[in-house]
1. Amide H of residue 130: which non-local residues (sequence gap of 5 or more, or other chain) have their own amide H closer than 5 Å, using H built in the peptide plane?
2. Counting only trypsin sites (Lys or Arg not before Pro) that are in a DSSP loop and have at most 15 other C-beta atoms within 10 Å, tell me the longest site-free stretch of the chain.
3. Going by how many other beta carbons lie within 10 Å of each one, how would you line up 14, 145, fewest first?
4. Cα-based Rg of the range 87-150 per 2.2 N^0.38 Å, rounded to two decimals?
5. Per DSSP H run of n ≥ 4, the term is -39500 (n - 2.57); total these for the chain, divide by its residue number, and report the mean residue ellipticity at 222 nm rounded to 500 deg cm²/dmol.
6. Divide, for the chain, the radius of gyration over alpha carbons by 2.2 N^0.38 Å, where N is the residue count.
7. Counting other beta carbons within 10 Å of each Cβ, put 78, 7 in order, fewest first.
8. Relative contact order, percent, of the chain when contacts are C-alpha pairs under 8 Å separated by at least 6 residues?
Amino acid sequence: MITLKRTDSTDQDFIFLVKKLDADLAIRDGDDHTFYSQFNKVDKIKHTVVAFENDQPVGCGAIKEYDQNTMEVKRMYTSPEGRGKGIASSVLSELEKWTSELSYKKCVLETGKRQPEAISFYKKNHYQIIPNYGQYIGIENSVCFEKNLI
């Protein structure tokens, strides 16, 4: 059974999963990892979700304000043993619900071209590719998405 917990970036289970995510991204991103990691600091993120299977942390995600109408989805990760079970979709859905509860109208996010499973995942969850925004403008490896929640 999958359970979800809303928390913040000080949560030890969230920190544990983010370390696994960063290790995976360091391999995938190669020389680009230092550039991307500067935008993925998790200190002071107020809105995180951790997914548990049999009381073990298996997935996470976070949202942080991008602008007055928009939350940015950050730090989405599912451990290898948790993949294929709908955990990421559950986490993303909870983040979207929380975004709406906080009166934001849409979510944006960035992922990398070296994460084809992430690109497919966001498309499956009704995110649309948009021009790269903010710090990702002009970055060849970045793919940006948005989803209107209203």
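1. 144, 145, 146
2. 1-40
3. Values: 14 24, 145 21.
With the fewest neighbours first, 14, 145 line up as 145, 14.
4. In units of the globular-protein estimate, the range 87-150 measures up at 1.12.
5. Details: 4 runs with 47 residues, N = 150.
Computed mean residue ellipticity for the chain: -9500 deg cm²/dmol.
6. Rg over 2.2 N^0.38 Å, computed on Cα atoms: 0.97.
7. Numbers: 78 25, 7 18.
In increasing order of surrounding Cβ atoms, one gets 7, 78.
8. Value for the chain: 19 percent.
Every number in this text was worked out from the coordinates using simple rules, so none of it is lab data. The model shown is predicted, which means the values in this text are computed figures rather than measured ones. With ideal geometry, Cβ positions are generated from the backbone for all residues, glycine too; neighbour counts draw on all protein chains shown.
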